[in-house]
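**Student:** Supplied in structure tokens, the structure appears directly below.
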Amino acid sequence: MINLYATQIESISLHRVGNKNKNENLFLTSQPHALNDETTGLLKEYFFKPFREKEENYFKFTNEVDVEFNELYKIATEIFNEPSSVHANSKKIATHLFEQSNHPHIKSGEIYVAYLSGLLLDNVKVDAVGIFKSELKHDFLQFEEKEDIIEILVQQGININKLDKGCLIFNTNKEEGYKVLSVDSNRYDTKYWLEDFLGVDPLSDDNFKTKNYLKFCQNFAKDVVLPAEDKQQEVLFMNRAVNHFAMNDEFEETNFLNEVIENPALIPEFKHYKVEKGPKYSIEDVSDFDIANKAVSEARKKIKNVIELDTNIQIKMDFINPESAEKFVEKGWDEEKQMYYYLVYFNKEQKS
């Protein structure tokens with residue numbers, strides 16, 4: 001988990017990267033940008049806001065031969081070994097980005113390379129290299145007083161409330177390819193940013209395993225539990241799964257299956273489904289890990305706990321108390337109407 005509150009921008013270099021495919025230029029500046037209090041405050045908010053709002057999915061630098069051959073890994077190592085080299089190395093970063101900017105859809109823009117200190121990563125203070133790119137330009141109005149009139153001037157600039165692309169390279173886990181966070185607001189060229197420029201793979205840490213295992217469970221519920229039983233049991237299965245993760249610090253698959261799957265016949269189905277679909281979620285060999293609480297909280301927000309009926313009625317289950325849905329909601333079949341029904345028990349209606 002990162003905390004960017006006390007982060008300081010020690011230096012920042014600014015270059016402009018065009019689209020090589022369109023014969024646009026690469027413009028490299030001769031020296032670092034001179035910061036002042038006003039620009040520093042604005043840039044910190046511009047750079048860091050998306051990382052505070054986004055789920056933390058970590059990556060690591062990789063290469064099919066050896067990580068030492070990854071261009072950004074090499075540059076980041078040079079910077080961490082000698083922070084005073086950051087401007088010279090920022091030119092290498094901008095040049096590397098320019099070489100990857102050869103698809104007609106890739107937009108030109110400014111690239112900022114910053115050396116950052118004071119970041120807290122899992123409560124440990126670390127330095128980092130930040131690489132940020134602004135692409136989309138927006139029209140805005142300026143006003144100028146001239147004698148007895150006010151003129152409207154149309155200008156273009158970037159929206160400092162929305163960073164287009166960015167990454168933080170943390171000076172930790174060097175041997176494994178460092179820890180890297182990435183954001184990308186423009187999904188149409190994700191491959192260019194993550195694969196071609198950064199050259200990263202997802203980092204299979206506890207957060208990654210927790211998130212992906214819950215995604216896998218969600219699809220098992222949809223593909224196996226729902227056809228085998230019904231929508232109520234699909235929702236209840238995910239209720240139990242999420243609560244199991246929320247109430248435990250460590251995950252052990254056998255305990256999970258025994259506690260969460262009430263129908264013993266579905267346990268071999270789960271194991272078979274994992275063999276078949278596990279590689280898609282990178283959990284085929286995962287059976288125990290430390291549970292990441294933040295990933296559980298994020299998953300809880302995304303999982304639907306509603307039974308939607310074709311009679312325009314919805315029944316919402318409670319993730320916190322799934323036993324209520326089992327004790328006080330019954331499903332049946334009405335012979336006369338030839339329709340299914342849900343019978344809901346309660347003592348009194350709650351005031352909203």
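The values are calculated or read from the model by the stated rules, or taken from the named source; none is laboratory data. Just so it is clear, the model here is predicted, and its values are computed rather than measured. Glycine also receives a Cβ, built like all others from the backbone with ideal geometry; neighbour counts cover every protein chain displayed. Ligands, DNA and RNA are excluded from the accessible area calculation, which covers all protein heavy atoms including side chains. Shrake-Rupley method; radii C 1.70, N 1.55, O 1.52, S 1.80 Å.
**Student:** Carbon-plus-sulfur fraction of the accessible area of the stretch 1-94, 1.4 Å probe, in percent? Before the final figure, lay out the partial values.
**Tutor:** Values: 2600 of 5330 Å².
Answer for the stretch 1-94: carbon and sulfur cover 49 percent of the accessible area.
**Student:** I'd like to know how the stretch 203-352 sits against the 2.2 N^0.38 Å rule of thumb: what's its Cα Rg over that expected value?
**Tutor:** Details: Rg = 16.6 Å, N = 150, 2.2 N^0.38 = 14.8 Å.
That ratio works out to 1.13.
**Student:** For a quick check of understanding: with a 1.4 angstrom probe and all protein chains in place, what accessible area in square angstrom does TRP333 have, to the nearest ten?
**Tutor:** We get 100 Å² for TRP333.
**Student:** Compute the angle between helix 293-302 and the longest alpha-carbon principal axis of the chain, please, reported from 0 to 90 degrees and rounded to the nearest 10.
**Tutor:** Once rounded, the angle reads 70 degrees.
**Student:** For the stretch 6-20, in order, what is each residue's ³J(HN,Hα) by Karplus, 6.51 cos²θ - 1.76 cosθ + 1.60 with θ = phi - 60°, in whole Hz (x at glycine and Pro)?
**Tutor:** Along the stretch 6-20, the couplings run 9, 5, 10, 8, 6, 7, 8, 10, 10, 9, 10, 10, x, 8, 4 Hz.
**Student:** Over the Cα atoms of the stretch 159-266, what Rg and Dmax result, in angstrom?
**Tutor:** Reported Rg and Dmax, both Å: 18.9, 55.
**Student:** I've got another one for you. To test your reading of the geometry: what angle, between 0 and 90 degrees and rounded to tens, separates the Cα axis of helix 37-53 from the longest principal axis of the chain?
**Tutor:** Helix 37-53 sits roughly 30 degrees off the main axis of the chain.
**Student:** Something else about it: Within the stretch 177-196, which residues have the backbone N less than 19 Å from the label spot 7 Å out from GLU64 along Cα→beta-carbon, could you tell me?
**Tutor:** 191-196
**Student:** Order 124-137, 204-217 from most to least packed using the mean count of other Cβ atoms within 10 Å. Show your work: numbers first, answer last.
**Tutor:** Numbers: 124-137: 19.1, 204-217: 20.9.
In decreasing order of mean packing, 124-137, 204-217 become 204-217, 124-137.
**Student:** Which option, [x] 21.4; [y] 23.9; [z] 23.2, is the value of Kirkwood radius over Cα pairs in Å that was calculated from these coordinates?
**Tutor:** Identified label for the calculated read-out: [y].
**Student:** Near LYS162, which lysines are there with a Cα under 21 Å away, not counting those fewer than 8 places off in the same chain?
**Tutor:** LYS44, LYS49, LYS54, LYS107, LYS133, LYS137, LYS191
**Student:** Now a separate question. Using heavy-atom solvent-accessible surface (probe 1.4 Å) with all chains present, what is the largest-first order of MET339, MET317?
**Tutor:** Working: MET339 90, MET317 10 Å².
Most to least solvent-accessible, the answer reads MET339, MET317.
**Student:** While we're here: With the other protein chains left in place, how much accessible area per residue, in square angstrom, belongs to the chain at a 1.4 angstrom probe?
**Tutor:** 57 Å²
**Student:** Given C-alpha coordinates of the stretch 106-214, what is the ratio Rg to Rh with the Kirkwood estimate of Rh?
**Tutor:** My calculation of the ratio gives 1.15.
**Student:** Here's a follow-up. Would you mind telling me which residue in PHE143, PHE61, PHE98 has the biggest mean-square fluctuation in a Gaussian network model of the chain, where springs connect alpha carbons within a distance under 10 angstrom?
**Tutor:** For the chain, modelled as a Gaussian network with Cα springs under 10 Å, the answer is PHE143.
**Student:** Taking only Cα atoms, what is the 0 to 90° angle, nearest 10, from helix 266-277's long axis to the longest principal axis of the chain?
**Tutor:** Taking the Cα atoms of the chain, the angle to 266-277 is about 30 degrees.
**Student:** Quick one: 3J(HN,Hα) in Hz for the stretch 209-214, Karplus 6.51/-1.76/1.60 with θ = phi - 60°, rounded, Gly and Pro as x.
**Tutor:** Taking θ as phi minus 60°, the curve returns 5, 4, 4, 6, 5, 5 Hz for the stretch 209-214.
**Student:** Which one of ALA94, ALA292, ALA228 has the biggest mean-square fluctuation once the chain is modelled by GNM with Cα springs under 10 Å?
**Tutor:** ALA228
**Student:** Please name which of ALA246, PRO227, HIS33 has its Cα lying farthest along the dipole of the chain towards the positive end, using unit charges on Cβ (Lys, Arg +1; Asp, Glu -1) and the Cα centre as origin.
**Tutor:** Of ALA246, PRO227, HIS33, it is HIS33.
**Student:** Which one of TYR273, PRO104, ALA292 has its Cα pushed farthest toward the positive end of the charge dipole of the chain, where Lys and Arg give +1 and Asp and Glu give -1 at the Cβ?
**Tutor:** PRO104
**Student:** Quick one: net charge of PHE80's neighbours, Cβ under 12 Å, K/R +1, D/E -1?
**Tutor:** On the way: positive: LYS74, LYS174; negative: GLU78, GLU82, ASP127.
Local charge sum for PHE80: -1.
**Student:** Which residues' amide hydrogens lie under 5 Å from the amide hydrogen of TYR58, considering only partners 5 or more residues apart or on another chain, with H built in the peptide plane?
**Tutor:** LEU203
**Student:** Skipping prolines and chain starts, which residues have an amide H placed within reach, meaning under 5 Å, of the one on ILE2, given they are 5 or more residues away or on another chain?
**Tutor:** ASP122
**Student:** Follow-up. Among LEU120, ILE2, HIS15, whose Cα lies farthest out toward the positive end of the dipole of the chain, if unit charges sit on the beta carbon of Lys, Arg (+1) and Asp, Glu (-1)?
**Tutor:** HIS15
**Student:** Under a point-charge model restricted to the Cβ atoms of Lys and Arg (+1) and Asp and Glu (-1), what is the dipole moment magnitude of the chain relative to its Cα centre, in debye to the nearest 20? It would help to have the intermediate numbers written out before the result.
**Tutor:** Values: 43 positive and 62 negative charges, 95 e Å.
It comes to approximately 460 debye.
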